[in-house]
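*Asks:* I have a structure I would like to understand better, so I am pasting it below and will then ask my questions one at a time.
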Amino acid sequence: VHEDAGSPPTAITRLRPLLLDPPDAPDVANGYLDLLGAQAPPAPGSIQAAWESSVGSALYTRAQGAARRWVTATRLPASVRRPPYGARVLDVGCGPGDVTAALGRAVGAEGLAIGMDVSVPMLTRAVRERSAANVGFVRADARRPPFRDSGLALVTCLAALQLIPSPMAVLAGMTRVLAPGGQLAVMVPTVRGGLFDRLTRVVGGRSGLAFFDPGQVAGHLHRAGLATVHTHQRGPLLWIVATKET
Ligand SMILES: C[S@@+](CC[C@H](N)C(=O)[O-])C[C@H]1O[C@@H](n2cnc3c(N)ncnc32)[C@H](O)[C@@H]1O
């Protein structure tokens with residue numbers, strides 16, 4: 001897709017009506033809509049600090065590309081319905097945007113897949129390799145999703161929730177922006193008592209990772225207004241798929 005120099009990318013123009021508080025002078029200088037600028041929160045742990053560095057984000061892109069090809073447990077479970085053609089969908093903590101791009105293919109040219117992240121190197125890579133007229137990227141904090149209520153048919157968050165302080169508030173924010181009948185699909189590699197939990201206890205507590213108990217997450221999502229909540233473990237990964245009441 002070729003964009004005119006100086007004008008906002010098409011996908012950014014298309015996502016503007018979904019914003020709670022669209023900026024008068026949007027910062028799109030790097031190809032994504034930057035809603036944080038200098039107000040980005042400090043990285044809460046050593047792992048997130050790596051994802052906000054150029055070297056860490058490059059290493060991540062290579063590793064996750066291989067993992068997605070070979071490890072089926074990283075793919076969206078069958079219980080996640082394909083979003084309808086033309087739907088608006090959000091990928092929280094999108095990193096290099098591979099999942100966002102796949103969502104863009106699912107919703108087609110009339111739809112819109114939005115990737116959201118805090119990391120400048122991750123978003124720069126995502127814009128370079130994944131942006132399209134129906135795939136756009138936003139720099140914003142998952143603790144305050146900048147979207148209007150009930151506008152999105154699917155919200156995904158893969159391998160990111162464990163990095164974010166106040167993960168339950170993040171789940172509540174993702175629920176708020178979901179449309180009635182919409183689905184939430186969350187994957188965390190950090191099950192309480194699992195492999196990472198044991199390793200992290202051995203190496204000490206500076207990783208900044210949160211560990212999840214499936215029952216606790218499910219209870220929280222029910223209270224947040226999600227009608228059906230399924231949690232299941234695939235190897236070291238915990239998947240949570242939930243549907244908002246219609
Ligand atoms: C391990 S990567 C996963 C990337 C992608 N979801 C994937 O599956 O390949 C985690 C991502 O979450 C992002 N992240 C961490 N804290 C965040 C926050 N508060 N808001 C938005 N994104 C965040 C990181 O910058 C990083 O790109």
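*Asks:* Treat each spin label as a single point 7 Å out from the Cα along the C-beta direction, and report the Asp197 to Ala49 distance in nm.
*Replies:* Label-label distance for Asp197 and Ala49, simple model: 2.6 nm.
*Asks:* Given 5 Å bins starting at zero, what is the percent of C-alpha pairs of the chain in each, up to the one with the largest pair distance?
*Replies:* Going from the shortest bin to the longest, the percentages are 1, 6, 14, 19, 21, 18, 12, 6, 2, 1, 0.
*Asks:* Each label point is 7 Å from the Cα along the Cα-to-Cβ direction; what then is the distance between the points at Ala218 and Ala66, in nm?
*Replies:* 3.5
*Asks:* Give me, ordered by chain and number, the residues 5 or more places off Leu76 or on other chains with an amide H under 5 Å from its own placed amide H.
*Replies:* Answer set, sorted by chain and number: none.
*Asks:* For the peptides 44-56, 110-122, what is the packing order when you average, over each peptide's residues, the other Cβ atoms within 10 Å and list the highest mean first?
*Replies:* Put in order of decreasing packing, that is 110-122, 44-56.
*Asks:* If I take R0 = 25 Å and measure r between the Cβ atoms of Ala78 and Ser166 in this structure, what FRET efficiency does the formula 1/(1 + (r/R0)^6) give, to the nearest 0.05? Show your work: numbers first, answer last.
*Replies:* Numbers: r = 30 Å, r/R0 = 1.22.
Computed FRET efficiency for Ala78 and Ser166: 0.25.
*Asks:* Ranked from highest to lowest mean number of other Cβ atoms within 10 Å per residue, what is the order of the peptides 60-66, 184-190?
*Replies:* Working: 60-66: 13.9, 184-190: 23.3.
Top to bottom by mean Cβ count within 10 Å: 184-190, 60-66.
*Asks:* In nm, give the distance between the simple-model label positions of Ala132 and Leu36, each being 7 Å from the Cα along the Cα-to-Cβ direction.
*Replies:* 2.6
*Asks:* Could you give me the ³J(HN,Hα) list for the range 46-60, computed from phi with Karplus coefficients 6.51, -1.76, 1.60 and θ = phi - 60°, whole Hz, x at Gly and Pro?
*Replies:* Each residue of the range 46-60 in turn: 5, 6, 5, 4, 5, 5, 8, 9, 5, 5, x, 5, 5, 4, 4 Hz.
*Asks:* Right, next: Can you figure out the FRET efficiency of Ala29 with Ala109, using R₀ = 41 Å and their beta-carbon distance, to the nearest 0.05? Kindly include the intermediate steps, with their values, before the conclusion.
*Replies:* On the way: r = 26 Å, r/R0 = 0.63.
Once the sixth-power term is evaluated, E becomes 0.95.
*Asks:* Highest mean first, what order results for 129-138, 94-103 on Cβ atoms within 10 Å?
*Replies:* Highest mean packing first, the order is 94-103, 129-138.
All of the numbers you see were taken from the coordinates with simple rules; none came from a lab. Note that the structure is predicted; figures quoted are calculated from it, not measured. Ideal geometry is used to build each Cβ from the backbone, glycine not excepted, and the neighbour counts take in all protein chains shown.
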